[in-house]
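Here the structure comes first, spelled out in structure tokens, and everything after it is commentary.
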Amino acid sequence: MDITQGGLDPAEFADSAARAVAACAGLHAAGIAARLAEDGLLGMLAPEDVGGLGLDLRFALPVLQAAGAGDLAFPLLETMLLARHLAPVAPAVAEAIAGGSARGTIAWAGTARADLTGTVGRAPMAEGTDWVLVRTPDGAALVAGGDVTATAMISLDETAAEHRVALSGANPACRLDAAAWEALAEEALPLRAAAMVGASETCLALAVEHVTNRRQFGKPLVANQAMRHLLARQKLALEGMRGALTRATARPGDAVARRAAFLAAATHAPLIAEGAIQAHGGMGFTWEVPVHRHLRRIRALEAQGEAPRLREALAATLIDAN
Amino acid sequence: MMDGMLPELTGESFRTHVRDWLAANVPPGMLADQPGYTTPTLDQCRAWEAAMHRAGLAGITWPKAYGGHGRTLREHLIANQEIGALALPESVSSIGKELAGPIILAIGTEEQKRRYLPAILEMREMWCQGFSEPEAGSDLAGLRTRAVRDGGGWRITGQKVWTSGAAKAARCLLLARTGPLEDRHKGLALFAVPMDAPGIRVRPIRQINDKAGGFAEVFLDDVPVGQEDALGAPDEGWAAAIRVLGIERATNRMYRAWRFENELRHLIAACRQDAALMPLLRDGAYRRRLSDTLIDIEIVKGNVEPVVEALVAGEPIGARGSLMKLHWSEAHQRFASLAMEMLSQASPEAPPAVIAAQKRFKDIYLQARAETIYAGTTEIQLGIIADRVLNLPRGK
């Protein structure tokens, strides 16, 4: 039993995380890093010897949920996982990332060549970052931001823009073995699901607010059963995502539960956000109604988590291993 | 094994007991996914369920004074996970165990609890549910069956419909009106009507799945019912019943997710046994739908487990039962359609195991049509979620 976690309740992080996310509005990445580090949020999963809080994944879920709900313009999930997994192999880098003085991200798509050349992608906010973790044939390697070329890629996300990262063959600062990379990638799944739950909650709340206030045919839209049932279905989807995530959280060793939690989110979150645009009518198609920002983010999270590959992996577990 | 022999079992030790007992005691031919399966008779089901109760696998949370085992809902969940993992028949007494029993526990008199509850668990008395009427389906407030005072007791006249298991039931949990129709929800009273009382006529209705002992019409003509069979006072009984129903919707047939998983694994195992079905398991589109089913099952599990924890902690669960019921029933329908589609491609020379699976999934497919109708239709659940979970304003 970890002493530092005795008496702590993950839910207690929800409020402070929501406040911190709200305080980050309008700040640039460096400012956000400093603000979140102040609250210990960047290093909450990292061990204490690199300045982290040494907490388990459960504690990060409400924080990622708040980040998703508040459309935080920062690669928080990547930062948390880098601080945690770099600690054993590059403690100084982990400490700087947990402390907010250095920024890092992870390229989720593609695999670099063994000599660290080639191009990888889906690295949130890689432009101007200090460190990028890239997948390699035997695990992963941490390369300096100055040694790579990050360019914007075609992506829906406007909040934490995804970058393509071209590698130059430079020496890495450290490497993760295959098992460490696999652990990191698996831990990312419930964290992504939490971010999608948060984003979906905001979308549904915005839709409810709109149909409650918008009047047509002499009555609010919410008086129409078609609208009530649409929103009820969104709520059903949202609580299903939450249920699968809660289950996965309670069973940290259960790979099926963990992957299903991410895939449940990847299935339902886009539908909730798309449905929220529909509920807004023409307003939903405007830039100023923020539902589209959440939809963009959700679609990026779905792609970063390689939902199609995981669906096939889940099928293989179910069918081929039976 | 008698309950008195395992007072100390909780959590995982209870699970071991349940698993071991089931492995040793399930009668041959009772598992629908195993060779030699034959549809069990009513008497076989009664004997089996009585045995499960004696072994501590039914009436788990009911007080010992009324034949229960006095354990928590956690042990109830554990038993249901193990029961669900096997392709056992549905309870032939679910109305008694999951509807009448909990209502009696909540509002019955001490004498009623002692009289009705052990008989339910010991499978001596099965119950049916007399709520729906020709003019009162989803809108129960429109029900017309009348209960009028007759000396110290009551006389009940009216008609019930969709009454499952009426022909085999010893008692009917019956809802009747004590005042005028205009009173809507007021003046509704609950009774435990003995089905052998004079003036009761049962007319079976043929169901789309042709199930024996399915639902029926029940005609009540001036049926005498003693005060000892009135459950709670008029108004009070119904209000309490609604509260119980809200919890029951979230906790009944708790084995669902695990039975659903058993069905999914059975479908895959059946496909392996036929040359024409085997390629479907390598087909990307079917693999996607099978993995979607597994995700749905994880959601069903993820919906029920926190409810158990909330109830054990004494927290209210509100209308969460509507979310659970709606998701499960629709997910199960999607799966049943998938199973029918896959198994319909079996070769004409399919082995007996595949024929048996076709038979099981035909029943499941047809039964699934009822799952989005009974216990509150999909449309009613959506209304409840909008009104009581999202708390949407009426908007008038």
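Please treat every number below as a calculation from the coordinates, not as lab data. Because the structure is a prediction, the values reported are computed rather than measured. Positions of Cβ are backbone-derived with ideal geometry, glycine not excepted, and every protein chain shown enters the neighbour counts.
Determine the sum of side-chain charges near B:ARG146: Lys and Arg each +1, Asp and Glu each -1, restricted to other residues whose C-beta is under 12 angstrom from that of B:ARG146. Present the calculation step by step, with values, prior to reporting the outcome.
On the way: positive: B:ARG144, B:ARG149, B:ARG155, B:ARG177; negative: B:GLU133, B:ASP150, B:ASP183, B:ASP221, B:ASP222.
Surrounding charge for B:ARG146 is -1.
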Determine how many Å³ per residue the convex hull of the Cα atoms of the protein assembly as shown encloses.
173 Å³
Using only C-alpha positions, report the orientation-averaged shadow area of the convex hull of segment B:217-325, nm², one decimal.
11.8 nm²
Which angle from 0 to 90°, rounded to the nearest 10, does the C-alpha axis of helix B:42-54 make with the longest principal axis of chain B?
90 degrees
Calculate the mean, over all residues of peptide A:305-317, of how many other protein chain Cβ atoms lie within 10 angstrom of the residue's Cβ.
3
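Can you sort A:THR79, A:THR159 from fewest to most other Cβ atoms within 10 Å of each residue's own Cβ?
With the fewest neighbours first, A:THR79, A:THR159 line up as A:THR159, A:THR79.
Which order results if A:SER168, A:SER155 are arranged by neighbouring Cβ count within 10 Å, fewest first?
Values: A:SER168 11, A:SER155 19.
Ascending Cβ contact count within 10 Å gives the list A:SER168, A:SER155.
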Treating segment B:1-122 as a set of equal point scatterers at the Cα positions, no solvent, please give the Debye-formula log₁₀ I(q)/I(0) at q = 0.17 Å⁻¹.
-0.87
With point charges of +1 on the Cβ of Lys and Arg and -1 on the Cβ of Asp and Glu, referenced to the Cα centre of the protein assembly as shown, which listed residue (B:ILE208, A:ALA96, A:PRO10) lies farthest in the positive direction of the dipole?
B:ILE208
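Could you list B:VAL389, B:VAL223 so that the one with the fewest beta carbons within 10 Å of its beta carbon is first and the one with the most is last?
B:VAL389, B:VAL223
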Let me know the volume per residue of the alpha-carbon convex hull for segment B:76-118, in Å³.
77 Å³
Calculate how large, on average over all directions, the projected area of the Cα convex hull of segment B:127-232 is; give the answer in nm² to one decimal.
6.4 nm²
Degrees separating the helix B:73-84 axis from the principal Cα axis of chain B, which is the longest one
50 degrees
Separation between the A:ASP115 and B:PHE219 pseudo-spin-labels, each 7 Å from Cα along Cα→Cβ, expressed in nm?
9.2 nm
The distance between the Cα centres of segment B:39-53 and segment A:246-285, in whole Å, is 42 Å
Could you state the number of Å between the C-alpha centres of segment B:70-112 and segment A:181-213?
36 Å
Report the per residue volume, in Å³, of the convex hull enclosing the C-alpha atoms of segment A:1-102.
80 Å³
How are the C-alpha pair distances of chain B spread across 10 Å bins, as whole percents from the shortest bin up?
5, 21, 31, 26, 13, 4, 0, 0
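Please list A:146-152, A:258-264 highest first by mean number of surrounding beta-carbon atoms within 10 Å per residue.
A:258-264, A:146-152
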Segment B:255-389: equivalent-ellipsoid semi-axes (sqrt of 5 x gyration tensor eigenvalues, Cα, Å)
33, 15, 12
If you average over every viewing direction, what projected area does the convex hull of the Cα atoms of segment A:103-172 give, in nm²?
4.0 nm²
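Shape verdict for segment A:152-301, please, from the Cα gyration tensor: rounded (a/c under 1.5), prolate (a/b greater than b/c) or oblate.
Cα axes put segment A:152-301 in the oblate bin.
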What percentages, rounded to whole numbers, describe P(r) for chain A computed over all alpha carbon pairs with 20 Å bin width beginning at zero?
32, 57, 11, 0
